Amino acid sequence: MEPAIKLKPGVSKWDVRQKVWDYMEANNLANFPRPVHHRIPNFKGAAQAARNLPNLQEFKNARIIKVNPDKPQENVRLLTLEARKTLLVPTPRLRTGLFNKIIPPPGASKEVVRVCSTAQGVKDFSVPIGLDANIHVDLVVVGSVAVSDKGWRIGKGEGFADLEYAMMVSMGAVDENTVVVTTVHDCQLLDIPEELMDNHDLTVDYILTPTRVIKTNCSCSKPQGIIWSKVDSEMMEKIPILKSLQFRERKAGKDVALKDEMHTEKKELHSLLDQRMSSGKGGSAIKVKTNTMEMARNTEASEEQIESSCQKQLNAPTRVTAVYMGNLPRSLRVSELKNILREHNAVPLRLSWQGAQHRVFLDYKDEVTAGEAVTSLTGLSISGNIIKVELAKSQRGNRSKHQNTEKNKQPII
């Protein structure tokens, strides 16, 4: 079956989302809440798609099933409860924990069970599940904005489904036998380019639509745990449970350095090497650097390896460098741009938004990082606009000294 939505070469994840949202709105393919933009669409036919789930042998065999809390998967949650399976639902935006267990009251009527499957029911009939809970999730159901028959999945851009799965890996709640299913409208089936996928992206094993059941036979591995180098301090504050998982993995001897901590470590190594060069006490300084590296990264390395690493880092430029992005669509929002930057591994230290002029300035920690961002973003198209991307030297005179600078928010791993 030919996809209803055709993708052009060079599209970004954001382009894919925008095309799906626009198509579903233009063709009236969604129910409340509308518009579907920036949501997991509550597609028409969601109930029919959900009814395919009990026919899967993996559902029949499952004891514990985790389902996302979005409206289009409400019928999946209802069918799970009606089949007397244990239903887990993620805590909204992971603010107070990982997930809750839905427990209908004893002797609950069909209507009460239905209420338990709704967003209100999740609040009224659930108990939190702690990290120490000895559970194994047999089946995971997630929502999607777009998905391909190869198993590639694109969500709404906040990264929570990927993060939830990675966190379950860290707490031992899922393994290679855990099956991942998504329910979508037929129009949400697209030929997603494999190059858009990253190692933190969750793939799916089954796609259920109102008319089809697709087994993807996806050969790519699912997230193997939290990628701490993609997590920053702001994200740790927003999702407190990450601190507990980080503590556990640090005790287990894993590298849990955060993105911004690794940047700080580089600055410390520069300082230590400067001390060595000015004092002439090479052996002492190397010893200090060795201890610093061992404490920060829990790795073993020879003095020569550390010295070489420090020299390379010392030679790297450290001056903040700006990147200019122009010809931005009038409708583009700051939050949408941040998602696009994250998808292209081009997250800046901060950004200066100049939406009225259809441009933005991105500050990176050095020229090397800025150059990598330019390379990654070159050729980017957003809502049909080819974005102009270049180092901001030639644009520096146009940049207002009084422009508000917004700290980047990156909820992804």
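With neighbours defined as other Cβ atoms within 10 Å of a residue's Cβ, the residues K8, K338 order from fewest to most as K8, K338.
How would E158, E343, E176 line up from fewest to most surrounding beta-carbon atoms within 10 angstrom? Show your work: numbers first, answer last.
On the way: E158 15, E343 20, E176 6.
Result, fewest neighbours first: E176, E158, E343.
Only counting other Cβ atoms within 10 Å, I'd like K243, K238, K13 sorted with the fewest neighbours first. Walk me through the numbers before you get to the answer.
Details: K243 11, K238 14, K13 23.
Ascending Cβ contact count within 10 Å gives the list K243, K238, K13.
Every number in this text was worked out from the coordinates using simple rules, so none of it is lab data. Bear in mind the structure is a predicted one, so any value in this text is a computation, not a measurement. When we count neighbours, we look across all protein chains shown, and the Cβ atoms used for this are built from the backbone with ideal geometry, even at glycine.
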